[in-house]
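The values are calculated or read from the model by the stated rules, or taken from the named source; none is laboratory data. Since the model is a prediction, treat every value here as computed from it, not as a measurement. Virtual Cβ from ideal backbone geometry, glycine too; neighbours counted across all protein chains shown.
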Amino acid sequence: MTSRNRHAQRGAALVISLIMLTLITLLVITALNLGTSNFRAVSNTQFRDEAIAAANVAIQQVIGSDFTDDPAAQDLEVDLDNDGAPDYVVTIAEPTCIAASIASDAEESSHFLPGAMTVASTWNTVWDLDATVAPESNAGEAAVRVRSGVRVLLTQTEKNLSCPD
């Protein structure tokens, strides 16, 4: 009787152990998939943040130049990690003057003319800068668009050339 029960129990133990092994395998695969998806989400966030930083660096480069002399669209290469190789290519749309207001009045040349008609008048101009990082221009394939406004003080002549009403 005991030898017969032993043979019957060996088969049941094998089936139960195979079921447990299958469940543990599914549990491990699920845990790996969750870890991988979390890693992808964090990586995408990092690439997006780097692309925004690259766009902001490009906007700062444009602001530091004399962009009001000849506003034009341009592509700028940005090296965020300072290794000598460009990490991102940022496309800057043509800067657009969206507003202008008189900043200060110079000595009026005539008491009958308004201050805006004097030679030495200066103007507060507001410019819209639009930077785009395309997905094919970076390793993380992040696509972002950053817009920034900047105020530039221009003379009457500069304002007439680059920021007409």
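Observations on the structure shown:
- Of all the listed residues (LEU14, LEU18, LEU23, LEU34), the sole one being at pLDDT 95 or above and out of contact with any helix residue (DSSP H, G or I) (no Cβ under 7 Å at 6 or more places or on another chain) is LEU23.
- Extreme residue, nearest to ALA55 (Cα to Cα), among residues of region 149-165 that are among the hydroxyl-bearing types (Ser, Thr, Tyr) and not in a strand (DSSP E or B): SER162
- Any hit, region 125-148, residues being assigned to a strand (DSSP E or B), modelled with pLDDT under 90 and either more than 39 Å from the chain's Cα centre (by Cα) or not hydrophobic (A, V, I, L, M, F, W, C) (or both): no
- Residue satisfying all of: in region 72-99; aliphatic (A, V, I, L, M) and touching a helix residue (DSSP H, G or I) at 6+ places or on another chain (Cβ under 9 Å); farthest from LEU154 (Cα to Cα) among these: LEU80
- Which numbered condition GLU50 fails, given (1) within 30 Å of LYS159 (Cα to Cα); (2) in contact (Cβ under 8 Å) with a residue 24 or more places away in the chain: (1)
- Scanning region 61-90 for residues that are assigned to a helix (DSSP H, G or I) and either surrounded by fewer than 14 Cβ atoms within 10 Å (Cβ to Cβ) or of a type in the set (Gly, Ala, Ser) (or both) turns up just one, GLY64.
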